[in-house]
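Chemist: Pasting a structure below so you can have a look.
The values are calculated or read from the model by the stated rules, or taken from the named source; none is laboratory data. Everything numeric here is computed off the predicted structure, so don't read it as measured data. Note that we place each Cβ from the backbone using ideal geometry, even for glycine, and neighbour counts take in every protein chain shown.
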Amino acid sequence: MNNLVGVSIGTIHLKGETIESRIQLVKEINKEALEISFFKDYETNQTISPESIAYLKSLKYVSIHAPMFYGNSFIPDFSFDMKKIKKWYLGTNSQAIVFHPHQKIPSSEKDMLFCVENMPPIPGKNIDLMKKLAEYKLVLDACHTLHYPGYLEEIVDKYYDRIQHIHLSDRRYNLEKKKTRDHQTFAECSDKEKFACLRTLSCPVIIEVSLRYNNSSECEDILKREIESVKTFFS
């Protein structure tokens, strides 16, 4: 499949980084797709330069990940500021807005495409949740499916036509402690064929490495390696 490949700027965790500085860091190595990821609600107050806006508009695919936290707190059913998200969406020519199932379902907006992301599975519940949210497109986070053999294939099979784009990494989660257990990069993954069913999808692939880097050069090197590895896998 001819998949566009890009990165989520939410993967960049350097001290003092802003949305603007993250875009500037990746723009020379990331030429096809990008996801603007807001971790906390107040990050939507940031602005970016005309240069960064022009870069985003030059890409073939841009998506926005809505904030996951209100301030520093996780609040079930919290609703993100639609006006701010819409401003980012329209101002960057974005093609999709990603939200999590725990958030309040956004009001319908005819000029914005909302996509729900599958979360680390609760046996017997996540597939049912996808059915309840059938009016929305789906962002398939592959690493959120790794706990149960066959779960990734089940989602691809059942919701093939609803999948807008893919989040790809080889992260694992400790479901009991609700914390990330393993931040392995895709390039380091020794059993990539567990993701083989993703090759049947012709949609953008957004890399979510979620590593903490010591400096910008190290960050660039890892992201270059990730992009090359993902392109090779899908080719």
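Chemist: Residue by residue through region 22-56, note down the ones that are hydroxyl-bearing (Ser, Thr, Tyr), more than 18 Å from the chain's Cα centre (by Cα) and surrounded by 16 or more Cβ atoms within 10 Å (Cβ to Cβ).
Modeler: Ser52, Tyr55 - these are the residues of region 22-56 that are hydroxyl-bearing (Ser, Thr, Tyr), more than 18 Å from the chain's Cα centre (by Cα) and surrounded by 16 or more Cβ atoms within 10 Å (Cβ to Cβ).
Chemist: Got a sec? Which of Ile23, Ile29, Ile48 is part of a loop (DSSP other than H, G, I, E, B) and under 22 Å from Lys224 (Cβ atoms)?
Modeler: Ile29
Chemist: Of the residues that sit in region 188-211 and are surrounded by fewer than 21 Cβ atoms within 10 Å (Cβ to Cβ) and aliphatic (A, V, I, L, M), which one is nearest to Gly150 (Cα to Cα)?
Modeler: Only one residue fits best here, namely Ala196.
Chemist: Report every pair of residues separated by at least 6 positions or lying on different chains whose Cβ atoms are under 8 Å apart, first residue within region 150-173 and without any contact (Cβ under 8 Å) to a residue 40 or more places away in the chain, second small (Gly, Ala, Ser).
Modeler: Cβ pairs passing all conditions: Arg162/Ala134; Arg171/Ser210.
Chemist: Step by step: first the residues of region 217-232, then only those that are over 17 Å from the mean Cα position of the chain (by Cα) and among the acidic types (Asp, Glu), then the one that is modelled with the highest pLDDT. Which residue is that?
Modeler: So, considering only residues that are over 17 Å from the mean Cα position of the chain (by Cα) and among the acidic types (Asp, Glu), the one modelled with the highest pLDDT is Glu228.
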